[in-house]
1. Any chance the stretch 34-51 includes a residue that's among the polar types (S, T, N, Q), at negative phi and at pLDDT 95 or above?
2. Just the residues that are buried (at least 17 other Cβ atoms within 10 Å of the Cβ), hydrophobic (A, V, I, L, M, F, W, C) and part of a loop (DSSP other than H, G, I, E, B), please, taken from the stretch 108-150.
3. Residues in the stretch 95-107: is at least one over 15 Å from the mean Cα position of the chain (by Cα), surrounded by fewer than 22 Cβ atoms within 10 Å (Cβ to Cβ), touching a residue at least 24 places away in the same chain (Cβ under 8 Å) and under 20 Å from W171 (Cα atoms)?
4. Would the stretch 17-39 turn up any residue that is closer than 26 Å to D173 by Cα, touching a residue at least 24 places away in the same chain (Cβ under 8 Å) and not in a strand (DSSP E or B)?
5. How many residues does the stretch 6-28 contain that are within 16 Å of the chain's Cα centre (by Cα) and either surrounded by 12 or more Cβ atoms within 10 Å (Cβ to Cβ) or closer than 15 Å to R75 by Cβ (or both)?
6. Would you pick out the residues in the stretch 52-65 that are farther than 22 Å from P140 by Cα and part of a strand (DSSP E or B)?
7. Inside the stretch 66-94, can you point out the residues that are among the hydrophobic types (A, V, I, L, M, F, W, C), in a loop (DSSP other than H, G, I, E, B) and surrounded by 20 or more Cβ atoms within 10 Å (Cβ to Cβ)?
Amino acid sequence: MQFIPTKINGVYLLEIERKEDARGFFARIFSRDEMLERGLVAEFPQHNIGYNELKGTLRGMHFQRAPHAETKLVRCTSGSVVDVALDIRPSSPTFKQWVAVELSAHNRRMLYIPEGCAHGYQTLEDATELSYLTSQFYMPQSATGLRHDDPAFAIEWPLAVSRISDADRKWADFSPEATR
């Protein structure tokens, strides 16, 4: 696997390394040892799937507060998305900055999102599915979010929003206290 750093410290784009032959290809999508060699989280006790019927569906920007802050490893298994990691670590030099990457069933990329970053995505195709590993179990009392259209971040989404949950639409305006 290739680990490509992004402009956000600790956020990596992971590319598979294909071993091809006449049948197709084989590639590793996860290696605990390769993660640990880079100082990355390698234990993921929960594996989630998100399915979205319509192109333009937006989910995010989600995170869990300490002590249940989570690292995510996200992969698109059907369709395609623009996946966004937002740095909400006040001590980080990239605080309030974001990075967006296209993940698709075709490109087979993954995004590694460390604790202290909010996560969201928008579907680029109908019938899109994501699979993601999390380093913590979902804890409703710690789960929260930030508005996808908050001017404090100015995230550039590629499409008009076709669907969004009431909860994601109604997150409060950003304040540093919201991230603690």
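1. Yes: one or more hits.
2. L124, L146
3. Yes.
4. There is no residue in the stretch 17-39 that is closer than 26 Å to D173 by Cα, touching a residue at least 24 places away in the same chain (Cβ under 8 Å) and not in a strand (DSSP E or B).
5. Final tally of qualifying residues: 9.
6. T57
7. Within the stretch 66-94, just I88 meets the criteria.
Residue-by-condition table, conditions (1) over 26 Å from P45 (Cα atoms); (2) at pLDDT below 95:
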{"position": "S91", "(1), (2)": "yes, yes"}
{"position": "V99", "(1), (2)": "no, no"}
{"position": "R108", "(1), (2)": "no, no"}
{"position": "C117", "(1), (2)": "no, no"}
{"position": "L130", "(1), (2)": "no, no"}
{"position": "H148", "(1), (2)": "yes, no"}
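The values are calculated or read from the model by the stated rules, or taken from the named source; none is laboratory data. These numbers come from a predicted model, not from an experiment. Please note: Cβ atoms are built from the backbone with ideal geometry, for glycine as well, and neighbour counts cover all protein chains shown.
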